[in-house]
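As structure tokens, the structure follows; a few thoughts come after it.
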Amino acid sequence: AITSLLAHEILDSRGHPTLEVECSLSCGIVARASVPSGASKGTREAMELRDGETGRYSGLGVEKAIDSVNGELAILLFEADVRDQAGIDNRMIELDGTPDKSRLGANAMLGVSMAVCRAAAMSVKLPLYQYIGGISANRLPVPCMNIINGGVHARWQGADFQEFMIAPYGADTFRDAVRWGSEIYQALKSILLEKHYHCAVGDEGGFAPSVSSNQEPLDLILAAIEKVGLSPGKDVGICMDPASSEFFKDEKYHLRTEKKVLSSAEMVSYYAQLVKNYPICLLEDGLSESDWGGWAALNNELGDAIEIVGDDIFVTNVEYIARGIEENLANSALIKLNQIGTLTETVDAVHLCQSCGWGAFVSHRSGETIDSFIADMTVALGTGHLKAGAPCRGERVEKYNQLMRIEDELGDMAEFAGRDAFVRPIE
Ligand code: PGA
Ligand code: ZN
């Protein structure tokens, strides 16, 4: 049984405050979990409770959320059965009483939800991925590594598109996929240096060169893949998250680097051209969260060929994902624990996707901690792919390192998703 819940204020990878929650059990077990935070957030995400203008951390402090954990939530869950994850999550949702978790804070609730889960796994002496997914959980994801950062993650110093990822799906094992990713990352660095670009990194550890178009990163990445002797498209594909809600203003898409202002339909043609010319296997948030009409057209144009993922538009919420399925707006949903605020609701979102033939693409946030919960969760749910940033920076590589540990532990039982990782087949 749970004997105490205790939250502390810690710093995330951007240096902003976030919470770490400790869950203690009567048997003496203590488990910790910490909560990430986004920068290009969907407007319909569950609410992260911050203190506001109190003079601490420019208002970004999380003392109110900490009070929620140490006060109301600790009282609510005192002596609760730690293995009753759904019951615990539902009781928190009920106690909060708001549709967006704004009273107690989605960050407070998620910290508790994750810490409870980890404590429960420890109490039955199972690795986290087996506790969540059962003893048959064995599917290692393709690591989609964000090696060029743009948009808000690079303070608009580089590409308009936020994320350019490599997907080393041709590797035989997860460990080899990580090695390929790392080798390509280092090759990209030397190519950038040759071209006299700076190679400082953005929020997710990818380089943030001052490119003059959104195709240029794709050319740089192709060159890096070839430089290490791999074949673009055959061994390694490209995934993109333009995070286009960030450059959608007055019903138009503003591509600053290319001095272009495009309509929704023109944006769809723009992507169709890119997909024709580059080995792109996944496009996330190609259109804005408020451009629902455009999404149907985008999915109609490209959804048979590649994975079309909704992030800001669905915010890991079964209600919006169900609408997306109904209206054929995409064929995959991004999955972020803190967009919805509890593990149970996150697992429900993944199950909804999987039961309808949709992809479920597990994701970190741009503001991360060293918590590798999503690594275990991805194996548990067998989603086949995840994104956790570049193969660089501690808070990013910890997710990949944990997945390598899991692969080692599974030994012959491990299965790398490889070419089957995506909702549309890789030829
Ligand atoms: P965020 O971005 O974590 O900064 O919101 C990630 C994404 O858009 O996928
Ligand atoms: Zn996104």
Inset, instruction - Scan region 1-92 for GluC sites (Glu not before Pro) in coil per DSSP, keeping those whose Cβ has at most 11 other Cβ atoms within 10 Å, and list them by number. - result: Glu53, Glu79
Legend entry - Helix 343-355 vs. the chain, principal-axis angle (Cα, 0 to 90°, nearest 10): 50 degrees
Inset, instruction - Give me Tyr400, Tyr57 ranked fewest to most by other Cβ atoms within 10 Å of their Cβ, as a rough exposure proxy. - result: Tyr57, Tyr400
Inset, instruction - Compare the Cα positions of Asn277, Cys239, Tyr197 along the charge dipole of region 186-302 (+1 at Cβ of Lys, Arg; -1 at Cβ of Asp, Glu; about the Cα centre) and return the one farthest towards the positive end. - result: Tyr197
Legend entry - Folded to 0 to 90 degrees: helix 264-277 orientation relative to the chain principal axis, Cα: 70 degrees
Legend entry - For Ala360, residues with placed amide H under 5 Å, excluding near neighbours: Ala333
Inset, instruction - Percent of Cα-Cα pairs per 10 Å bin, from 0 to the last occupied bin, for region 236-299, please list those. - result: 21, 58, 20, 1
Inset, instruction - With runs of 4+ DSSP H residues as the only contributors, calculate the mean residue ellipticity of the chain at 222 nm using -39,500 (n - 2.57) per run, divided by the residue total and rounded to the nearest 500. - result: -11000 deg cm²/dmol
Legend entry - Restricting region 62-153 to chymotrypsin sites (Phe, Trp or Tyr not before Pro) in coil, as DSSP defines it, with at most 13 other Cβ within 10 Å: Phe78
Inset, instruction - Do me a favour and compute the ellipsoid semi-axes for the chain from its Cα gyration tensor, root of five times each eigenvalue, largest one first, whole Å. - result: 34, 24, 21
Legend entry - Compactness index (Cα Rg / 2.2 N^0.38 Å), region 339-427: 1.11
Legend entry - For region 1-55 versus region 215-292, the gap between their alpha-carbon centres in whole angstrom: 33 Å
Inset, instruction - Calculate one ³J(HN,Hα) per residue across region 32-49 by plugging θ = phi - 60° into the Karplus curve 6.51 cos²θ - 1.76 cosθ + 1.60, and present them in order as whole Hz with x for glycine and proline. - result: 10, 8, 10, 10, x, 8, x, 10, 9, 7, x, 5, 9, 5, 4, 8, 7, 7
Inset, instruction - With unit charges on the beta carbon (Lys/Arg positive, Asp/Glu negative), name the residue among His153, Val112, Leu126 whose Cα is farthest towards the positive pole of the charge dipole of region 101-199. - result: Val112
Legend entry - Angle between the chain longest axis and helix 394-410 axis [Cα atoms, degrees, rounded to 10]: 80 degrees
Legend entry - Residues whose placed amide H lies under 5 Å from that of Ile313, excluding near-sequence neighbours: none
Legend entry - Dipole magnitude of the chain about its Cα centre (Cβ charges: Lys, Arg +1; Asp, Glu -1), debye to nearest 20: 740 debye
Inset, instruction - Using only C-alpha positions, report the orientation-averaged shadow area of the convex hull of region 150-235, nm², one decimal. - result: 5.2 nm²
Legend entry - Note, ³J(HN,Hα) from phi for region 416-424, Karplus 6.51, -1.76, 1.60, rounded to Hz, x at Gly and Pro: 8, 4, x, 5, 8, 5, 9, 6, 10
Legend entry - For the chain, share of DSSP beta bridges that run antiparallel, in % to the nearest 5: 60 percent
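Just so you know, all these numbers are worked out from the coordinates, no wet-lab data involved. Treat the numbers as computed from the prediction; the structure is a model and nothing was measured. So basically every Cβ, Gly included, is an ideal-geometry build from the backbone, and we count neighbours across all protein chains shown.
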